[in-house]
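Presented below is the structure to which this report refers.
The values are calculated or read from the model by the stated rules, or taken from the named source; none is laboratory data. On a predicted model such as this, the values are computed, not experimentally measured, just so you know. Cβ sites come from the backbone with ideal geometry, for glycine too, and all protein chains shown count toward neighbours. To get the accessible areas, we keep the full protein, side chains included, count just its heavy atoms, and leave off ligands, DNA and RNA. Shrake-Rupley method; radii C 1.70, N 1.55, O 1.52, S 1.80 Å.
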Amino acid sequence: MAFNTGAALLDALVLSVVSRQDSYGYRITQQVRQLMTLSESTLYPVLRRLQKEDCLEVYDQEYAGRNRRYYRITPKGRQMLEEYRIQWNDYKQRVDQMLQEEEQL
């Protein structure tokens, strides 16, 4: 993506992915990578911070003989995601308006 993507957008995308289904780090990374360039080393600090802020909770589950750490959205995380969605819609409308201004003349 050619546009600058900030931390708030990354938080919103991570919360959105996890809100659909509990997930683990690699899988979250793959889903977010469909929209933006992202390394796992970038994602894990975001997951830890969202966990620390009580937006995500973690649990381990065995997979192929190893424990895999899963992330689940909390009620506070759902509330934050809803706020991000409202802010995103407002931002998107303003950007669309600005970028399409010439068409409206």
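Quick one: pull the percent of accessible area on the chain belonging to carbon and sulfur, 1.4 Å probe, ligands and nucleic acids left out. Each step should come with its number before you reach the end.
Values: 3610 of 7650 Å².
Whole-percent figure for carbon plus sulfur exposure: 47.
Between region 40-105 and region 11-26, how far is it from one alpha carbon centroid to the other, in angstrom?
Comparing the Cα centres of region 40-105 and region 11-26, I get a distance of 7 Å.
Given only helices, namely DSSP H runs of n ≥ 4 each adding -39500 (n - 2.57), what is the per-residue ellipticity at 222 nm of the chain, to the nearest 500 deg cm²/dmol?
-19500 deg cm²/dmol
If you fit an axis through the alpha-carbon atoms of helix 40-52 and take the longest principal axis of the Cα set of the chain, what angle between them do you get, 0 to 90°, nearest 10?
So the inclination is approximately 80 degrees.
Place a point 7 Å from the Cα of TYR44 along the Cα-to-Cβ direction; which residues of region 15-37 have their backbone N under 16 Å from it?
24-30
Over the chain, what is the relative contact order in whole percent, taking alpha-carbon pairs under 8 Å and six or more residues apart?
27 percent
Using a probe radius of 1.4 Å on heavy atoms only, what accessible surface per residue do you get for the chain? Whole Å² is fine.
Computed with neighbouring chains in place, this is 73 Å² per residue.
Which FRET efficiency value, to the nearest 0.05, is calculated for GLU53 and TYR91 with the Förster distance at 25 angstrom and r the Cβ-Cβ distance?
0.70
For GLU82 and TYR26 in one chain, what is 0.36 nm times their gap in residues minus the Cα-Cα distance, to one decimal in nm?
17.7 nm
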